[in-house]
């Protein structure tokens with residue numbers, strides 16, 4: 001006999017159960033804490049060493065034990081060769097190579113803070129991230145080192161190079177050379193606390209530079225256990241396992257970047273306790289993805305709607321055997337209802353899933369999947385057991401069920417705040433509540449529906465792009481007098497970047513895009529640019545009328 005979700009959660013989180021919850025403090029906030037969870041990420045790594053395959057990249061294969069051993073070697077080097085101490089920031093910037101997770105493990109095992117730097121950033125953005133975080137060391141691959149070269153000397157940083165010709169030159173030291181010096185050593189013992197800072201992930205906001213979201217070990221562990229608890233509760237609720245039995249090792253395709261919480265948490269870190277194999281792609285390619293799913297017997301795939309849509313098209317057009325897939329998860333941007341239904345109809349065993357979360361919540365928030373999702377394709381699911389949600393009006397007063405307002409959230413996985421940004425903390429937090437900037441409502445059964453957002457952001461294929469940042473870059477051009485940036489609907493990516501500019505004289509669009517490419521990652525550069533011959537329209541307060549400009553370009557393009 002099936003039971004309700006509330007009954008399932010009550011049973012699973014009772015004292016003595018594996019997911020038992022108790023009241024405690026995280027970042028001096030009262031939260032629900034998992035009684036039997038590892039206290040730190042280092043304990044998570046140590047508890048899950050094994051000979052099973054952990055990471056596959058092209059023709060390279062590593063077990064959990066092999067990755068752990070390399071992380072221990074690097075950790076020792078960080079202490080002895082670079083004098084890293086607890087609380088030091090170390091930036092990681094590279095593709096999804098095995099060296100990314102080795103570096104992350106080593107850094108977080110010795111009490112340092114892993115700065116997950118956006119690998120798409122250009123020189124100016126890299127300089128900001130390194131200087132703002134106060135990073136003591138930069139671990140980067142060849143592409144990122146080339147971009148960083150103009151600023152490294154100014155910042156006086158040491159660099160560990162990964163898969164790069166810049167090895168052992170000046171202040172740049174080769175990754176493998178360092179590991180060879182300490183091969184076979186044990187993981188150094190450094191005193192760690194669950195409330196020690198562990199990670200700093202940069203997230204684009206509605207104003208200015210990206211903000212560094214700081215999480216402690218327990219924030220992250222809470223998120224990982226929350227996903228496990230939600231799965232166990234769903235199994236009890238429907239009265240049967242949510243996935244078919246299989247003798248294959250669980251396997252997931254890593255196609256989203258590790259510098260995002262989805263990649264680092266939902267794909268990478270969640271693989272430890274599941275003893276799940278990760279198969280990493282050099283870059284997203286739907287045909288290659290289908291081949292890897294077939295060859296490696298991939299059972300799960302998590303990606304934004306644009307990528308899962310690409311995989312659907314590939315599944316329809318190719319003869320690849322994708323029957324090993326049992327879960328196609330999403331997040332970062334909403335799926336069209338038709339895609340939700342298509343996942344269940346196209347793959348022989350896979351069911352769709354999605355959720356709502358933020359970098360600031362360590363990627364958890366709500367979740368929905370399977371038949372539940374098919375019945376409610378526009379919902380983001382129900383709230384995690386370790387979080388609380390409320391919908392409030394513009395005065396911060398709670399609103400009734402089915403009433404639209406701003407979504408606020410609090411609980412175990414919420415960050416302690418933004419690195420060196422007191423003004424952002426004051427704006428984003430009200431006591432223990434995080435103001436998400438999303439406009440939403442909760443229905444009678446507790447399902448969340450996101451309908452809009454307050455923050456001035458474009459969400460392009462799961463990447464948050466701050467409109468103010470792009471506007472600032474445009475206004476650096478000496479011929480541009482006014483600029484307004486906004487979201488334009490896009491069938492594949494959800495949204496694209498649009499801009500309307502008022503100039504002194506005529507501008508060449510390709511030259512303008514080249515100008516912007518020096519300042520920011522290419523995904524932030526407007527796809528649609530409208531050049532106005534007159535000053536931009538204003539609303540009563542004197543601000544540029546962004547809604548009118550967006551409506552004009554959408555109408556001109558003939559899209560909804």
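Hey, which of the strands (runs of 3 or more DSSP E) in the range 1-59, taking only ones fully inside, have at least 2 residues that are in contact with a helix residue (DSSP H, G or I) (Cβ under 8 Å, 6 or more places away or on another chain) and in contact (Cβ under 8 Å) with a residue 40 or more places away in the chain?
29-34, 53-57
Spot the failing condition for residue 156; the list is (1) in contact with a helix residue (DSSP H, G or I) (Cβ under 6 Å, 6 or more places away or on another chain); (2) on the phi > 0 side of the Ramachandran plot, and only one is missed.
Evaluating residue 156 over (1) in contact with a helix residue (DSSP H, G or I) (Cβ under 6 Å, 6 or more places away or on another chain); (2) on the phi > 0 side of the Ramachandran plot leaves (1) as the failure.
Can you tell me which condition residue 284 does not meet? The list is (1) modelled with pLDDT under 95; (2) surrounded by fewer than 24 Cβ atoms within 10 Å (Cβ to Cβ); (3) in a helix (DSSP H, G or I), and all the others hold.
So the condition that residue 284 fails would be (3).
Just to be sure I understand the filter: pairs with C-beta atoms under 8 Å, separated by 6 or more residues or on different chains, first member in the range 387-402 and farther than 17 Å from residue 449 by Cα, second member exposed (fewer than 15 other Cβ atoms within 10 Å of the Cβ). Which pairs pass?
396/430
Exactly one of these conditions fails for residue 471: (1) within 23 Å of the chain's Cα centre (by Cα); (2) at pLDDT below 90. Give me its number.
(1)
Among the residues of the range 283-339, which ones are farther than 19 Å from residue 374 by Cβ and free of Cβ contacts under 8 Å to residues at least 12 places away in the same chain?
The answer is 285, 288, 295, 317, 319.
Does residue 149 satisfy the condition of being touching a helix residue (DSSP H, G or I) at 6+ places or on another chain (Cβ under 9 Å), without any contact (Cβ under 8 Å) to a residue 40 or more places away in the chain and on the phi < 0 side of the Ramachandran plot?
So residue 149 fits the description; yes.
Just wondering, is there one or more residues in the range 433-440 that are within 16 Å of residue 214 (Cα to Cα), touching a helix residue (DSSP H, G or I) at 6+ places or on another chain (Cβ under 7 Å), assigned to a loop (DSSP other than H, G, I, E, B) and modelled with pLDDT of 90 or more?
no
Filter the range 474-484 down to the residues that are crowded, with 20+ Cβ neighbours inside 10 Å and either under 22 Å from the mean Cα position of the chain (by Cα) or without any contact (Cβ under 8 Å) to a residue 60 or more places away in the chain (or both), then identify the one that is farthest from residue 554 (Cα to Cα).
480
Residue-wise test of (1) closer than 28 Å to residue 238 by Cα; (2) under 23 Å from the mean Cα position of the chain (by Cα); (3) assigned by TED's automatic domain parsing to the domain that holds residue 514.
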{"position": "368", "(1), (2), (3)": "yes, yes, no"}
{"position": "402", "(1), (2), (3)": "yes, no, no"}
{"position": "414", "(1), (2), (3)": "no, yes, no"}
{"position": "417", "(1), (2), (3)": "no, yes, no"}
{"position": "465", "(1), (2), (3)": "no, yes, yes"}
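The values are calculated or read from the model by the stated rules, or taken from the named source; none is laboratory data. Quantities reported herein were computed from a predicted structural model and do not represent experimental measurements. Please note: Cβ atoms are built from the backbone with ideal geometry, for glycine as well, and neighbour counts cover all protein chains shown.
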